[in-house]
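Notes follow once the structure below has been shown.
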Amino acid sequence: MVRVTVLYFASLRDAAGCDSQAIDHEGDLAALYLRLQAQHGFALPIERVRVAMAGAFADWRDRPRDGAEVAFIPPVSGG
Amino acid sequence: MVRVTVLYFASLRDAAGCDSQAIDHEGDLAALYLRLQAQHGFALPIERVRVAMAGAFADWRDRPRDGAEVAFIPPVSGG
Amino acid sequence: MARFAIADDAFDIAPLRAGLLRAEAGAYASFEGWVRNHNDGRAATGLRYESYRVLAEAEGERILDEALATFAIADAACVHRTGELAIGDLAVWVGVSAAHRDAAFAACRWIIDEVKSRVPIWKHERYVEGDAQWLHPRPPDSQ
Amino acid sequence: MARFAIADDAFDIAPLRAGLLRAEAGAYASFEGWVRNHNDGRAATGLRYESYRVLAEAEGERILDEALATFAIADAACVHRTGELAIGDLAVWVGVSAAHRDAAFAACRWIIDEVKSRVPIWKHERYVEGDAQWLHPRPPDSQ
């Protein structure tokens, strides 16, 4: 069990109702998204979301270390 | 026989040694170029030159009217 | 110096362009994205961009590094706005200098396409009817 | 108002760009030709452009009219310098605004290609060795 901080952006933040959230987690990043999706009702399926850890893109199968900062990246719309 | 003013640009002006020249001419614009090429030694064959009359592109087979302003347009190099 | 930047406020293009001047560069291509008064058939009144800044800057820089490695260009830069924007405001700027125009155009186009598809920036669009939404386009975004 | 102009002196881009802003335009592509310090493997020190002005203006305008008829663009403009230019000087500017970037890029590229191949403007290039020459390229000019 590790403690991670999750950052939310755009529609994920609106659904979560907060910018970030500290949570205890066991398992990989995919499991973390699915848990939080169930909690907050994220409309975006995991296939349309990317994940970043410590400010760099990460793999859904990566397991966060204790204290990690995790960001869910919904489909981008800059430009 | 008509009197025309011929304008020279770029390497044609260098070869002619003048910006423009008044000349009496009979025949089409192609004949005019060939005459003046022989006179001034223009290196550019007529196939690489375009012709304009009264400020608009013209056809080598056009025959100038009296008082026409004719310009020989060597290959352009703007941009 | 960073070639990619996130700007929280309106920025000047002139010094960015001047920074790309090179004696060996004969061509300069640039692209700007402006806030449009319509999108997908709806009349828009303005928008807000937000970014995941640390990752946006890293990914933007990576795109410009890749462009410099891929195309025969002299230099390239990109700035993307965040915050509140009105119709007509400059949202993103890309500039590329190169010896020849083929590479300048190709790299400029490639950079804006990559920025739009890879950099974590999100657009929140407001409509004349009063509603608003986050845009999460499905790839390929052919807009 | 004319969309194409010949400029005998250095000109500002900012007001030209501002003239292309449209509330419905989300994309702006521009191209600039700068005087390079080399051409065809020779070191250049500067150049002079001369034009057949009345025909250059008419042909430039025709190119922009054709671009507006051919591409889904909002507006377009082009200015070409004449006279003496030094390394780094702006020789030609093209700007295009459009709803979408595909058309903006395509029209901008098309306009500069057409201007280079059709508008009666000639470049007289000076080299470090002291000589100079008029450039009369053979088509297709793929530079």
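The values are calculated or read from the model by the stated rules, or taken from the named source; none is laboratory data. The structure presented is a predicted model; accordingly, all values stated were derived computationally and were not measured. Heads up, the Cβs are rebuilt from the backbone with ideal geometry, glycines too, and the neighbour counts pull from every protein chain shown.
Here are the numbers:
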| read-out | value |
| --- | --- |
| Complete set of residues in segment B:43-57 that are more than 11 Å from the chain's Cα centre (by Cα) and on the phi < 0 side of the Ramachandran plot | B:Ala43, B:Leu44, B:Pro45, B:Glu47, B:Arg48, B:Ala56, B:Phe57 |
| Residue satisfying all of: in segment D:21-41; of a type outside the set (A, V, I, L, M, F, W, C) and touching a residue at least 60 places away in the same chain (Cβ under 8 Å); farthest from C:His38 (Cα to Cα) among these | D:Asn39 |
| Verdict on B:Val51 being closer than 23 Å to D:Ala58 by Cα, at the interface with another protein chain (Cβ under 10 Å from one of its Cβ atoms) and among the aliphatic types (A, V, I, L, M) | no |
| Among (1) more than 8 Å from chain D (Cβ to nearest Cβ); (2) crowded, with 23+ Cβ neighbours inside 10 Å - the single one C:Phe105 does not satisfy | (1) |
| Test: residue in segment D:19-28 that is assigned to a helix (DSSP H, G or I) and either out of contact with any strand residue (DSSP E or B) (no Cβ under 7 Å at 6 or more places or on another chain) or closer than 23 Å to A:Gly79 by Cβ (or both) | no |
| Tally, over segment C:107-125, of residues that are within 16 Å of D:Phe31 (Cβ to Cβ), among the aliphatic types (A, V, I, L, M) and within 12 Å of the chain's Cα centre (by Cα) | 2 |
| Filter result (under 13 Å from C:Gln133 (Cα atoms) and of a type in the set (A, V, I, L, M, F, W, C)) within segment A:10-25 | A:Ala10, A:Leu12, A:Ala15 |
| Which numbered condition D:Ile121 fails, given (1) within 10 Å of another protein chain (Cβ to nearest Cβ); (2) out of contact with any His (no Cβ under 8 Å at 6 or more places or on another chain); (3) touching a residue at least 12 places away in the same chain (Cβ under 8 Å) | (2) |
| Odd one out for D:Glu57, checked against (1) buried (at least 17 other Cβ atoms within 10 Å of the Cβ); (2) of a type outside the set (A, V, I, L, M, F, W, C); (3) within 13 Å of chain C (Cβ to nearest Cβ) | (3) |
| Some residue of segment A:66-74 being part of a loop (DSSP other than H, G, I, E, B), within 23 Å of C:Gly60 (Cα to Cα) and at the interface with chain C (Cβ under 9 Å from one of its Cβ atoms) | yes |
| Every residue from segment D:45-54 that is facing chain B (nearest Cβ under 8 Å) and either in a strand (DSSP E or B) or among the charged types (D, E, K, R) (or both) | D:Tyr49, D:Glu50, D:Ser51 |
| In segment C:1-18, the residues that are assigned to a loop (DSSP other than H, G, I, E, B) and buried (at least 16 other Cβ atoms within 10 Å of the Cβ) | C:Arg3, C:Ile13 |
| Criterion (free of Cβ contacts under 8 Å to residues at least 60 places away in the same chain and farther than 30 Å from C:Val35 by Cα) met by exactly one of D:Ala58, D:Ala69, D:Ala44, D:Ala74 | D:Ala58 |
| Residues (assigned to a loop (DSSP other than H, G, I, E, B), within 24 Å of A:Ile46 (Cα to Cα) and in contact with a strand residue (DSSP E or B) (Cβ under 8 Å, 6 or more places away or on another chain)) located in segment C:89-142 | C:Val119, C:Pro120, C:Leu135, C:His136 |
| Residue among B:Phe42, B:Phe57 that alone is within 14 Å of chain D (Cβ to nearest Cβ) and either of a type in the set (Val, Ile, Thr) or assigned to a strand (DSSP E or B) (or both) | B:Phe57 |
| Only listed residue being among the hydroxyl-bearing types (Ser, Thr, Tyr) and either under 19 Å from D:Ile13 (Cβ atoms) or touching a Ser or Thr at 6+ places or on another chain (Cβ under 8 Å) (or both), chosen from C:Ser117, C:Ser51 | C:Ser51 |
| Test: residue in segment A:58-73 that is exposed (fewer than 14 other Cβ atoms within 10 Å of the Cβ), touching a residue at least 12 places away in the same chain (Cβ under 8 Å) and within 13 Å of the chain's Cα centre (by Cα) | yes |
| Among (1) closer than 21 Å to D:Ala56 by Cα; (2) of a type outside the set (Phe, Trp, Tyr); (3) modelled with pLDDT under 95, the one test that B:Met1 misses | (1) |
| Total residues in segment C:70-88, condition β-branched (Val, Ile, Thr), more than 10 Å from every other protein chain (Cβ to nearest Cβ) and touching a strand residue (DSSP E or B) at 6+ places or on another chain (Cβ under 6 Å) | 2 |
| Residue list for segment B:1-29, restricted to those being more than 14 Å from every other protein chain (Cβ to nearest Cβ) and part of a loop (DSSP other than H, G, I, E, B) | B:Met1, B:Gly17, B:Cys18, B:Glu26, B:Gly27, B:Asp28 |
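Residues checked against (1) modelled with pLDDT of 95 or more; (2) under 26 Å from D:Leu90 (Cβ atoms); (3) buried (at least 22 other Cβ atoms within 10 Å of the Cβ):
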| site | (1), (2), (3) |
| --- | --- |
| C:Leu21 | no, yes, no |
| C:Tyr28 | yes, yes, yes |
| C:Glu32 | yes, yes, yes |
| C:Gly41 | no, no, no |
| C:Tyr49 | yes, no, yes |
| C:Ile63 | yes, no, yes |
| C:Leu85 | yes, no, no |
| C:Leu90 | yes, yes, no |
